[in-house]
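Scroll down for the structure; my scribbles are underneath it.
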């Protein structure tokens, strides 16, 4: 979801429909610990399933960007 949000917010590239994005974001449960405290905190405090604006505050934004560039950048 981070890569899809990045594509839309930073590169104006739509890699999935709004409906798909919203449906997948609703599956994210920020209350579940992942073993990565900084990401757990981010998703509990910044993530909102109804928007991708949270990507601007992502603590590993550079990694998200690298993944996007590797798989989706034309």
Study note, to complete from the structure: By the Kirkwood definition, with r running over pairs of different Cα atoms, the chain has a hydrodynamic radius in Å of 12.6
Point to revise | Per-peptide average of other Cβ atoms within 10 Å, ordering 38-47, 11-20 highest first | key: 38-47, 11-20
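Each reported figure results from applying straightforward, stated rules to the coordinates on display, with no laboratory input. Only a predicted model underlies this, so the values are computations on that prediction, with no experimental measurement involved. Note that each Cβ is placed from the backbone with ideal geometry, even for glycine, and that neighbours are counted across all protein chains shown.
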